[in-house]
Amino acid sequence: MTQRFAVKVVCFSEIQWKYTRTRKQQILSRLPHDWEVLFLSSVVKGKPNNFLPQREGRIIHVCVPVFKNFPQKTVRALFSFPPMRFIWNIILYVWLHVIFLLTGFLGRDRICYVSNIYYAHILRFLPRTLMFYDCNDDHLAFPNTPTWAEGYYRRLALSADFAIAVSPGLVDKLRALGVPEVHLVGNGVDYELFNRIAGSGIPDEMERLKRPIIGYSGVVAPWFDFDVFDHVAESFPDASIVLLGPVYDIRREELQRVMEARGNIYHLGTKPYEELARYIAAMDVCIVPLQMNELMRLADPNKLYEHAATGRPIVTLKHSEGLESLRDIIYLAETKEEFVEQIRYALNAGVDEVKLKEFARRSSWPARVREVTRLILEDLRKKGYHFS
């Protein structure tokens, strides 16, 4: 006998809902229109944190003090003691139940969509119909990740009904851990939006810049390679080197130093997602100077798809082996010297815009969401549910 099931999704996230538009926002906002969503944002020091639920359409978001990692030494030291983590998990358990009660997400009839590994020990006490793990990064490779986080990662991955991962390397890692059902679901782009907006005119602040414009659109995070970026600015003194996007507090001083040293670097800040394609399309070459380390080796950056959707040439460090398959549509480099050489080549040779846009179209967010939705519905049907 089948059971009726109105779909409610609780997303246990490591980023905030109002942060830059990431994978989770893209997926959740495109789930079937009658699915309700509760998004549990992380608390971020120095950022607006809404501890009371806020609604945006069918999505409710609220901040919960669960951490992605622990940059403060005192906090790392405190949470290195198991009794402290035990006490904090009890507090979080009560905190979550208050949120569930306030928002109508209390009870077993809910789907847990988890990307924050630090919820792992609480999740085993939360009834649900289904739980899946979205492995959107190598969550143990981030800077300042505590050694005890590995236990949380293992518990979450092995207790999920299924896992999705953004790269073949992460799929292999989860399977080696013993996760029985893992699916490759890469990142993507809102192709229709980007393709349309890219042709709507050059923003005034880009129009005023000297050509050529060599630009990066994305977060200036700990894995941003300032050594390569500085070498680009030094090698192209007559070009405008543009940065679009937020800057981590720990990288602000370094960015300021490089900007003062070179004089041709322009940080234009964070732009509305709906306008971003206009800025990217105004670049002569898009660059992805991300460090070649263990974290990036298994990553699948959104910015690659966003740049591709505008049809602009892309030069990236070969931080992942998976990029090799894209060599016919993007420019790859393994050293800062090669990076500069590839930019010169891209400025002269351009790119096959048709192939680049076709790659982006195949990687659209609607296509990714159809796959995630299919996996959820298949699992629910196996459990004997049908939907109102």
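The values are calculated or read from the model by the stated rules, or taken from the named source; none is laboratory data. All values derive from a computational prediction rather than experimental measurement. Cβ atoms come from the backbone with ideal geometry, glycine included; neighbour counts cover every protein chain shown.
Can you find a residue that is at pLDDT 95 or above and either farther than 23 Å from K383 by Cα or acidic (D, E) (or both) anywhere in segment 130-141? Please lay out each step first, then the result.
Our first condition is that a residue be at pLDDT 95 or above; within segment 130-141, this holds for 130-135.
Still in the list and also either farther than 23 Å from K383 by Cα or acidic (D, E) (or both): 134-135.
Scanning segment 130-141, I find at least one residue that is at pLDDT 95 or above and either farther than 23 Å from K383 by Cα or acidic (D, E) (or both), so the answer is yes.
Entry remark, segment 360-374: residues being over 16 Å from C286 (Cα atoms), buried (at least 19 other Cβ atoms within 10 Å of the Cβ) and of a type in the set (A, V, I, L, M, F, W, C) number 3 in total.
Here I99 fulfils each of the conditions (1) surrounded by 14 or more Cβ atoms within 10 Å (Cβ to Cβ); (2) assigned by TED's automatic domain parsing to the domain that holds M283; (3) farther than 24 Å from A367 by Cα apart from (2).
For beta carbons closer than 7 Å, sequence separation of 6+ or different chains, a first residue in segment 339-359 that is surrounded by 14 or more Cβ atoms within 10 Å (Cβ to Cβ) and a second that is polar (S, T, N, Q), the qualifying pairs are V340/S235; K357/N195. Among the residues of this structure, F81 does not count as one that is surrounded by fewer than 13 Cβ atoms within 10 Å (Cβ to Cβ) and closer than 16 Å to I122 by Cα. A residue that is over 19 Å from D137 (Cα atoms) and without any contact (Cβ under 8 Å) to a residue 40 or more places away in the chain occurs nowhere in segment 292-309. Out of G199, G218, which single residue is within 15 Å of the chain's Cα centre (by Cα), of a type outside the set (S, T, Y) and under 26 Å from Y345 (Cα atoms)? Every option except G218 fails the conditions. Suppose we keep only residues that are among the hydrophobic types (A, V, I, L, M, F, W, C), closer than 21 Å to L268 by Cβ and out of contact with any Pro (no Cβ under 8 Å at 6 or more places or on another chain) within segment 282-307. Which one would you say is modelled with the lowest pLDDT? Checked segment 282-307; the qualifying residue modelled with the lowest pLDDT is L304.
Applying the criterion of at least 1 residues that are within 19 Å of T335 (Cα to Cα) and free of Cβ contacts under 8 Å to residues at least 40 places away in the same chain to the helices (runs of 4 or more DSSP H) found wholly in segment 189-242 leaves 226-235. Just one residue in the set V171, V228 is touching a Leu at 6+ places or on another chain (Cβ under 9 Å), assigned by TED's automatic domain parsing to the domain that holds N144 and modelled with pLDDT of 95 or more; that residue is V171.
Against the conditions (1) in contact with a Lys or Arg (Cβ under 7 Å, 6 or more places away or on another chain); (2) buried (at least 16 other Cβ atoms within 10 Å of the Cβ); (3) not small (G, A, S), E254 satisfies every one except (1). Among residues of segment 150-183 being in contact with a His (Cβ under 9 Å, 6 or more places away or on another chain) and touching a residue at least 60 places away in the same chain (Cβ under 8 Å), the one that is surrounded by the fewest Cβ atoms within 10 Å (Cβ to Cβ) is F162.
On inspection, E275 qualifies as out of contact with any Gly (no Cβ under 9 Å at 6 or more places or on another chain) and either free of Cβ contacts under 8 Å to residues at least 24 places away in the same chain or farther than 18 Å from F236 by Cα (or both).
Quick grid of which residues meet (1) assigned by TED's automatic domain parsing to the domain that holds R211; (2) of a type outside the set (A, V, I, L, M, F, W, C); (3) in contact with a Cys (Cβ under 9 Å, 6 or more places away or on another chain):
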residue: L332; (1), (2), (3): yes, no, no
residue: T335; (1), (2), (3): yes, yes, no
residue: V340; (1), (2), (3): yes, no, no
residue: G350; (1), (2), (3): yes, yes, no
residue: K355; (1), (2), (3): yes, yes, no
residue: R368; (1), (2), (3): no, yes, no
residue: E378; (1), (2), (3): no, yes, no
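For segment 343-353, the set of residues classified as within 26 Å of the chain's Cα centre (by Cα) and modelled with pLDDT of 95 or more consists of I343 only.
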